[in-house]
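The values are calculated or read from the model by the stated rules, or taken from the named source; none is laboratory data. Since we're looking at a predicted model, the values are computed, not measured. Because the Cβ atoms are built from the backbone with ideal geometry, glycine has one as well, and the counts that use them run over all protein chains shown. All accessible areas refer to the heavy atoms of the entire protein, side chains included, with ligands and DNA or RNA removed. Shrake-Rupley method; radii C 1.70, N 1.55, O 1.52, S 1.80 Å.
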Amino acid sequence: MASIKRRDNKGRILNIGESQMGDGRYRFQYTDGRGKRHALYSWRLVETDKMAVGKRLDRSLREKIRQVQRDLDDGLCIADGNKLTLNDLFQRYMAGKCELKQSTRTNYFYMYRHCVEEELGKRKIASIKYSDVKTYYDYLIRDRGMKPNSVELINTILHPVFTMAMRDGYIRTNPTDGVVGEIKKSHCWEKPKRHALTMEEQSAFIQYISHSSRFQHWLPLFTVFLGTGCRVGELIGLRWQDCDFKNRSISINHNMTYRQQENGKCIMRVTTPKTSAGIRTIPMLEEVRLALLKEKQQQLLRGGWEDTEIDGYHGFIFTNRNGYVHNPVTINKAIKSIYTAYNREEQEAAARENRMPQYIRHFSAHNLRHTFCTRFCENETNIKVIQVIMGHSDISTTMNIYAEVTENRKKQSFENLEGKIKIS
């Protein structure tokens, strides 16, 4: 005997798994690839059905069934993605990132909790679309005044979380793909290009410090900065045992970080360089050797070697009047104070001498590293040597600076050629 077909209250035959409930809603029950039971609901069976009065517009049951069937065919578990939030997936992702440095892990958690957790983080992972992410990044820039670099860092954190969700079958596509590129276009966003000090600026900066009773104590630190191209964390973490005065070399084997912790407090930590390229030996220029010896003499005058210990490291070279290592914020404040004082005096001198003032542009500690690299590129043609000394893991970073120096040299060469060849 033929089986009796199930029908809805309009007499339409329902497919296997479909049913109509007492309140008029349609339901479809199915089992996913993991053996879990799920159900879909809608007030409409097909797209052409009218929406029940007072009910929120929703897709019809059979539209939902087609989507689920497509997901099942592709091995996706969207139903689970509709239960898990972005916060759930972030915690799962970070639990598996055992290789992250503690400083990086702390920074990721701090940025996530302050920028994502309470808003986008509470959304179900399967409900977050490309437009949601773009709108959220726009909001962070426009309404919360976040800098582009910070938004890019947030995207760096979120992108692999969504990638993991894709691989686990919770979502079909990664909603962060291409978002940063679109944000850059819509906000005319360009990362500020770091500039090297010109020879005139570099000379003025060093000369001003050396003749200033107020700033003279900073001279050894900035001389070593400009003579090694160290990162600021490498410089403030430098120890006397890292300096080989006999063979005139400096070993770079660790890095000092100044990071905000989850409780909001900033502390100093010693870590290994992010990449193996960061571990290197830098030859000691004579000016650098003399600057280090001068700093050693100053430490002896202050009462002997400093005994500050951070994560088992001690014997730090550059310390403040309290015997503690400098932090990057303090160094950048010192730089600003120095060039501001210089520019003020230069303006007064130029007015007295009836000439245009030659100011030092705004710069930070990282510009000193960039300045060293630029001077190095101006005097060295072996790109690989420059890469090794700078500790660049990617040679394209070295190439970009070298290409910029070469372009400037080309222009200078043509300026010197002006009027010296008969061309008209």
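A few comments on the model shown:
- Kirkwood-Stokes translational diffusion coefficient of segment 159-302, alpha-carbon pairs, 10 °C, 1.306 mPa s, µm²/s: 82 µm²/s
- Taking only alpha carbon atoms, segment 192-235 gives an Rg to Rh ratio of 1.00, where Rh is the Kirkwood radius.
- The simple Förster model, with R0 at 35 Å and r as the Cβ-Cβ distance, assigns R56 and K185 a FRET efficiency of 0.50.
- Dipole in debye (nearest 20) - the chain, about Cα centre, beta carbon charges: Lys, Arg +1; Asp, Glu -1: 1620 debye
- Range of Cα positions in the chain per principal axis (Å), largest first: 106, 69, 41
- Degrees separating the helix 61-73 axis from the principal Cα axis of the chain, which is the longest one: 60 degrees
- Calculated [θ] (222 nm, deg cm²/dmol) that DSSP helices of n ≥ 4 give over the chain, each run adding -39,500 (n - 2.57): -14500 deg cm²/dmol
- Estimated D of segment 89-220 in µm² per second, where Rh is the Kirkwood radius over Cα pairs and Stokes-Einstein applies at 10 °C, 1.306 mPa s: 90 µm²/s
- A 1.4 Å probe, protein heavy atoms only, puts the accessible area of D88 near 70 Å².
- Restricting the calculation to Cα atoms, segment 198-283 yields a radius of gyration followed by a Dmax of 15.5, 45 Å.
- Relative contact order for the chain: 12 percent, from Cα pairs under 8 Å spaced at least 6 residues apart, divided by residue count.
- When only alpha carbons of segment 127-201 are considered, Rg and Dmax amount to 15.8, 59 Å.
- Given charges at beta-carbon only (K, R positive; D, E negative), |dipole| of segment 237-357 in Debye: 120 debye
- In this structure, the amide hydrogen of R44, modeled 1.01 Å from its nitrogen in the peptide plane, lies closer than 5 angstrom to those of Y26, L61, counting only residues at least 5 positions away or on a different chain.
- Using every pair of distinct Cα positions in segment 22-151, the Kirkwood expression returns a hydrodynamic radius of 17.9 angstrom.
- The chain, accessible area per residue, ligands and nucleic acids excluded (1.4 Å, Å²): 58 Å²
- Residue among E353, E18, E234 with the largest mean-square fluctuation in a Gaussian network model of the chain, springs linking Cα atoms under 10 Å: E353
- Sorting the segments 143-153, 194-204 by their mean number of nearby beta carbons within 10 angstrom, highest to lowest, gives 194-204, 143-153.
- Percent accessible area from carbon and sulfur atoms, the chain, protein chains only, probe 1.4 Å: 51 percent
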